[in-house]
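Let me begin by presenting the structure, written as structure tokens, before commenting on it.
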Amino acid sequence: MQNAAVIEHIVKWLKDYCDNAGMAGFVVGVSGGIDSAVTSTLCAMTGKKVIAVSMPIYQKPGQITLADQHLEWLNRRFDNVQTYCTELTPVFAAMEEHFPKDIQDPLSMANTRSRLRMVLLYTYAGHHKMIVGGTGNKVEDFGVGFYTKYGDGGVDVSPIADLMKTEVYALAAEMGVEPEIQAAAPTDGLWEDDRNDESQLGASYAELEWAMRHEESKANDDALDKRQLEVLATYRRFHQANLHKMIEIPVCKIPEDLR
């Protein structure tokens, strides 16, 4: 992949979209992970106003540190970036207090964290007439659906959604993103323990990228080894379960003879 040329292409695409939409710039949530670091940097490179926001909710200190590092890095490099850290733990705690207890299973409440962050990003965006930049990559958004519907999946533009995770890392290296962020294990930051993406998915991103390409090529499974078959089964299970996130919302069409 021609990293510099890809960066230039995405930056131009973002700038053109923003100009055509008549908006002032971009809002991006920053988690301390590689995807949000790359997305926020690409948005900053447009020269448009960028608001980058860290939104801790019962966050691990290490994740907060990485997010803070990236916000500081953006401030040093770009005059058009404003950075904020908005502590959402008290807001989420109030939701825990007032939501019915019988619906507060761990996964539902983890997704609620993501949806709360989406609400804040759109509040910033609505107030400043800006666009919310998505941070999902290709294997997450269109492969295994590893994101929260109407949470981190609730965005206006998806600048890195045609890039595999390994390609996102390549752009991060090209742009000089902080080494600690490049080296950190990917995590969705929705849990209070140390689980990361690979432990939740049961496969590495490199393996899932292979599975996605295997499916797209419609290759035969007969020659695959045991681990490849395991990864492929994992990929297919997540893809099928999360397909509802990747397709348009179903619309019940009314037949003309009923109108």
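Read-outs: derived from the displayed coordinates by stated rules, not from any lab. Note that the structure is a prediction, hence the values are computed from the model and not measured. Ideal geometry is used to build each Cβ from the backbone, glycine not excepted, and the neighbour counts take in all protein chains shown.
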Fill in the blank from the handout: note: the stretch 1-154, Cα-Cα separations exceeding 19 Å make up a percent value of 56 percent
Exercise for the section: Select from Ala44, Ala233, Ala52 the residue whose mean-square fluctuation is largest in a Gaussian network model of the chain (Cα-Cα springs shorter than 10 Å). Expected result: Ala233
Problem - Set of lysines with alpha-carbon distance to Lys48 below 24 Å, sequence-local pairs under 8 removed - result: Lys12, Lys15, Lys129
Completion exercise
The local net charge around Asp194, scoring Lys/Arg +1 and Asp/Glu -1 for residues other than Asp194 whose Cβ lies under 15 Å from its Cβ, equals -3
Practice task
Return the long-range amide H neighbours of Tyr150 (sequence gap of 5 or more, or a different chain), with a cut-off of under 5 Å between placed amide H atoms.
Solution key: none
Completion exercise
Using alpha carbon centers only, the stretch 114-160 is separated from the stretch 207-229 by a whole-angstrom value of 29 Å
Problem - Per-peptide average of other Cβ atoms within 10 Å, ordering 190-203, 138-151, 70-83 highest first - result: 138-151, 70-83, 190-203
Exercise for the section: Taking the Cα centre of the chain as origin, work out the dipole magnitude from +1 charges on Lys and Arg Cβ and -1 charges on Asp and Glu Cβ, in debye rounded to 20. Expected result: 600 debye
Exercise for the section: Report, by chain and number, residues whose modeled amide H sits under 5 Å from the one on Val27, excluding near sequence neighbours (fewer than 5 apart, same chain). Expected result: Ile51, Ile131, Val132, Gly133
Fill in the blank from the handout: Taking Cα pairs closer than 8 Å and at least 6 residues apart, the relative contact order of the chain in percent is 20 percent
Exercise for the section: Please report Lys48, Lys101, Lys15 as a ranked list, fewest other C-beta atoms within 10 angstrom at the top and most at the bottom. Expected result: Lys101, Lys15, Lys48
Problem - In Hz, Karplus ³J(HN,Hα) per residue of the stretch 154-161 (6.51, -1.76, 1.60; θ = phi - 60°; x = Gly, Pro) - result: x, 9, 9, 9, 10, x, 10, 6
Handout entry: Eligible lysines near Lys253 by straight Cα distance, threshold 19 Å, same-chain separation 8 or greater
Key = none
Exercise for the section: Would you mind counting up the charge near Phe92? Only other residues with Cβ under 13 Å from its Cβ, with Lys and Arg at +1 and Asp and Glu at -1. Expected result: -1
Exercise for the section: Would you be so kind as to identify which of Ser199, Met1, His128 lies farthest towards the positive end of the dipole of the chain, taking Lys and Arg as +1 and Asp and Glu as -1 on Cβ and the Cα centre as origin? Expected result: His128
Practice task
For n ≥ 4 DSSP H runs only, could you compute -39500 (n - 2.57) per run for the chain, divide by its residues and tell me the 222 nm figure to the nearest 500?
Solution key: -16000 deg cm²/dmol
Handout entry: Residue order, fewest to most surrounding Cβ atoms within 10 angstrom, among Met45, Met246
Key = Met246, Met45
